[in-house]
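Report on the structure given below.
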Amino acid sequence: MSEPLSLGLLPEGLRDVLPPQAEAEARLLRDLLDHLRAHGYERVGTPLIEFEASLTSGFGAARAADLFRLTDPISQRPLAVRSDITGQIARVAATRMAHFARPLRLSYAGPVLRIKGSQLRADRQFSQAGAELIGTDSAAAVAEVAGLAIKGLLDLGLEAVGVDFVLPDLIGRVGIALGMTQAEIAAAAEALDAKDIATVAALPHATVFSALLKAAGEVPSAKALLAATEGMPAIVGDRMGTLAELVAVLPVDPRLSLTVDPGETRGFGYQTWIGFSLFAKGIRGEVGRGGAYVIRRPDGSEEPAVGFSLYLDGLVEAGRGVEVRRRIMVPYGANSDVGTWLRAEGWATVAALEAGDIQAQAKDQRCTHYWDGKTIQPV
Amino acid sequence: MVNDGIVMALPKGRILKEVMPMLHAVGIHPEAAFTDESSRALRFSTNVPGLSIIRVRSFDVATFVAFGAAHIGVAGNDVLMEFDYAEIYAPVDLGIGRCRLSVAEPVELTAHDDPKSWSHVRIATKYPGITRRHFAARGVQAECIKLNGAMELAPSLGLCRRIVDLVSTGRTLVENGLAEVEVIAEISSRLIVNRAAYKTRGQELMPWVERFRLLVEERNNAAAA
């Protein structure tokens, strides 16, 4: 028999969120969703659990290793808990909203669950929110989506926000343009992903790949360096030109840094021509990511899309969204108009349910102030 | 935690002795307490404003850098392979701390051992991740007993018959009646950089990466000449 469980113990990677963090998370989410709605993104909701086969096929296909599985007692089919919402949005767009005009702008938010935490975060459940623009993956579409993500993060009051663009299919195309074999391309991609300078320098067409490695940094300087490199396939200039135009229309803010890493592909296996990672000062690892991808429709046809997701838990952990709301204790039997007036003034009112020492009651209820019948008094 | 300065993580012990001359050569001079064996301090300032150094166990260097608590560091690829952190870049092979990660077993066992027939092996190692993956790739299930040191004792005391450990000269193996039967990987120390820091603080970090790279290149050229 296993040991009796302590009542407060939760399984690894899961936790209760208490005030004020729970409030902070709700607020961040509300702000972000309002921001998306204001830009024409309509909210959709998808279930927590689906047929496993739907979650593991198509874009954003959850890695089978991430999924919590169970068997549906009703249909007897294998079910899984979602580990990512993006794939569900793609499914909705490809089926129930297939007949809606494109581009289709959708937003979503909700908890996701993974079987194992990542190396950086032990959490198995976290809160994902984002937007998807379906029907196009043009530079204008990417600029709109990246701009929304950036503006959303900046509006949360972060000290510094970084966006790092990657061009996931670029290395493959460069390799083909240079007449390399698939094995050679894979070796080049691996060396570039590790940023292994010496190995990259030993690759065939080393000048091209070394330049792609060295170019990582701000977009204009990267573009100039790549343009000045001899033997650089034309696709690189094309892509960097598109990226430069795209970046030029993004929000301007002293807190924002925009970079490109043209040699990197890792972690962007599903994205097509462009992907981006979002970083924020004070938050470990990425705060979100996005990019262009392809949605497969039930009839086998495909359509392009672009989107981004943010993971709110990191933001909450870093202390974002916590607002100290003034809390005031209102005595038992006080006129209800008092409460209405105080709330209109921005107070959170806590009503005493019995007569007593109002000051002691206020302290017990973690109030900062109390109503003495006539005025607001600090505790 | 937010660090405004740059934090460099270095491994204690053998590798540190080889790193120090390179550190000086690129222009980083830690405060005197750093080389004082009796100092109990863990974090040290340097002559470079905003650059501090922490001295931790080699496995912990990778952990500090992966989590972004340190931005740059020096770690062997044994450690990098064991954890396979997606958050670490390894831009420069420093060419120090050279050794190999190998499978070893008692000399008398090698005479009649038939690796082709294995379905399961029991192995004492500090590297259960690499060991499991290495054997799994050839269809052998490796049951790993995690030890933190003195792996060579395990076969003679009957803990298990095989070990996976770092081998440099092979003397310790011989002294313990063991023979190296297979090399899993060649090991050397790498300059490593946290992924998020590389992206967001490239301007501060890249000059250091470049100096280490040039240093290695000069040394390799000198060796070739």
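If you keep only loop residues by DSSP, which trypsin sites (Lys or Arg not before Pro) in the stretch A:105-178 have at most 15 other Cβ atoms within 10 Å of their Cβ?
Those satisfying the criteria are A:116.
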Sort A:333-345, A:76-88, A:125-137 for me by packing, meaning the mean count of neighbouring Cβ atoms within 10 Å per residue, highest on top.
A:125-137, A:76-88, A:333-345
For the protein assembly as shown, what does the helix formula give at 222 nm: sum of -39500 (n - 2.57) over DSSP H segments with n ≥ 4, over the residue count, nearest 500 deg cm²/dmol?
-10000 deg cm²/dmol
What are the residues whose amide H is under 5 Å from the amide H of residue A:351, where those residues sit 5 or more places off or on another chain and H is modelled from the backbone?
A:330
FRET efficiency (residue A:121, residue B:222; Cβ distance; R0 51 Å; to 0.05) is 0.70
Near residue B:146, which aspartates and glutamates are there with a Cα under 13 Å away, not counting those fewer than 8 places off in the same chain?
B:82, B:165
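Let me spell out the model: positive unit charges on the Cβ of Lys and Arg, negative unit charges on the Cβ of Asp and Glu, origin at the Cα centre of the stretch B:136-225. What dipole size does that give, in debye rounded to 20?
In total the dipole reaches around 380 debye.
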As a quick test, which of the pairs A:195/B:17; A:116/A:363; A:195/B:12 have an alpha carbon distance above 32 angstrom in this structure?
A:116/A:363
Expressed in nanometres to one decimal, the distance between label points 7 Å along Cα→Cβ at residue A:337 and residue A:10 is 4.5 nm
For the stretch A:333-347, take each phi angle, set θ = phi - 60°, evaluate the Karplus expression 6.51 cos²θ - 1.76 cosθ + 1.60, and give the result in whole Hz per residue in order, putting x for glycine and proline.
x, 5, 4, 5, 5, 4, x, 4, 5, 4, 5, 5, 7, x, 7
Shape call for the stretch A:327-378 from the C-alpha gyration tensor, a ≥ b ≥ c root eigenvalues: rounded (a/c under 1.5), prolate (a/b greater than b/c) or oblate?
oblate
Can you work out ³J(HN,Hα) from phi for every residue in the stretch B:35-47, in order, using Karplus 6.51 cos²θ - 1.76 cosθ + 1.60 and θ = phi - 60°, giving whole Hz and x for Gly and Pro?
8, 7, 4, 8, 5, 9, 5, 10, 10, 10, 8, 10, 5
Applying a 10 Å radius around every beta-carbon, put B:212-222, A:154-164 in order of their mean neighbour count, most first.
A:154-164, B:212-222
Env charge @ residue B:205, Cβ radius under 13 Å, K,R +1 / D,E -1, value +4
Along the Cα→Cβ direction, 7 angstrom out, place labels at residue A:324 and residue A:244. What is the inter-label distance in nm?
4.9 nm
Looking only at the stretch B:99-186, where both bridge partners belong to it, what percent of the DSSP beta bridges are antiparallel (to the nearest 5)?
55 percent
Estimated vicinal HN-Hα couplings, Hz - the stretch A:298-314 in sequence order (Karplus 6.51, -1.76, 1.60; Gly, Pro = x)
x, 7, x, 6, 10, 9, x, 7, 8, x, 8, 10, 10, 10, 6, 4, x
To the nearest whole number, what is the average tally of beta carbon atoms from other chains within 10 Å of the beta carbons of peptide A:281-288?
4
Restricting to chain A, compute how many DSSP beta bridges are antiparallel as a %, nearest 5.
75 percent
Quick one: putting +1 on the C-beta of Lys and Arg, -1 on the C-beta of Asp and Glu, what dipole do you get for the stretch A:169-264 around its Cα centre, in Debye to the nearest 20?
160 debye
Taking the alpha-carbon centroid of each part, what is the distance from the stretch A:245-312 to the stretch A:139-214 in angstrom?
12 Å
Find how much the distance from residue A:375 to residue A:37 grows on full extension, using 0.36 nm per residue of separation minus their present alpha carbon separation; answer in nm with one decimal.
117.7 nm
Tell me which residues come under 5 Å, amide H to amide H, from residue A:310 once H is placed; ignore anything under 5 positions away on its chain.
A:129, A:130
At what distance in angstrom do the alpha carbon centres of the stretch B:167-186 and the stretch B:66-88 lie from each other?
25 Å
If the cut-off is a Cα-Cα distance under 24 Å, which lysines reach residue A:151, setting aside same-chain residues fewer than 8 apart in sequence?
A:281, B:199
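So for each of A:296-307, B:37-48 I average, over its residues, the number of other beta carbons within 10 Å; can you give me the resulting order with the highest mean first? Can you show the working numbers first?
On the way: A:296-307: 16.8, B:37-48: 11.8.
The most tightly packed comes first, giving A:296-307, B:37-48.
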Charged-residue dipole, Cβ positions (Lys, Arg, Asp, Glu), chain A about Cα centre, Debye nearest 20
360 debye
Once you order the gyration tensor axes a ≥ b ≥ c over the Cα atoms, which shape class does the protein assembly as shown get: rounded for a/c under 1.5, otherwise prolate or oblate by comparing a/b with b/c?
prolate
Roughly how tilted is helix A:21-38, in degrees to the nearest 10 and between 0 and 90, from the longest Cα axis of chain A?
60 degrees
By the gyration tensor of its Cα atoms, with a ≥ b ≥ c the square roots of the eigenvalues, what is the shape of the stretch B:151-225: rounded for a/c under 1.5, prolate for a/b over b/c, or oblate?
oblate
Residue by residue through B:197-207, how many Cβ atoms from other chains fall within 10 Å of the Cβ on average?
5
Shielding by partners - mean other protein chain Cβ count within 10 Å, residues of A:210-217
2
Separation in nanometres of the label points that stand 7 Å from Cα toward Cβ, at residue A:65 and residue B:188:
2.9 nm
Once amide H atoms are placed 1.01 Å from N in the peptide plane, what residues at a sequence separation of 5 or more from residue B:165, or on another chain, have their amide H within under 5 Å of its amide H?
B:102, B:104
The farthest towards the positive end of the charge dipole of chain A, of the residues A:263, A:232, A:379, given +1 on Cβ of Lys and Arg and -1 on Cβ of Asp and Glu, is A:379
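Express in nm, to one decimal, how much length is gained between residue A:253 and residue A:299 on full extension, taking 0.36 nm for each residue of separation and deducting their alpha carbon distance.
So the chain would gain 12.2 nm between residue A:253 and residue A:299.
Quick note: the coordinates plus some simple rules give every number you see, no bench work behind them. As the structure is a prediction and not an experimental result, all values here were calculated from the model. Counting neighbours? That spans all protein chains shown, and the Cβs are built from the backbone with ideal geometry, glycine included.
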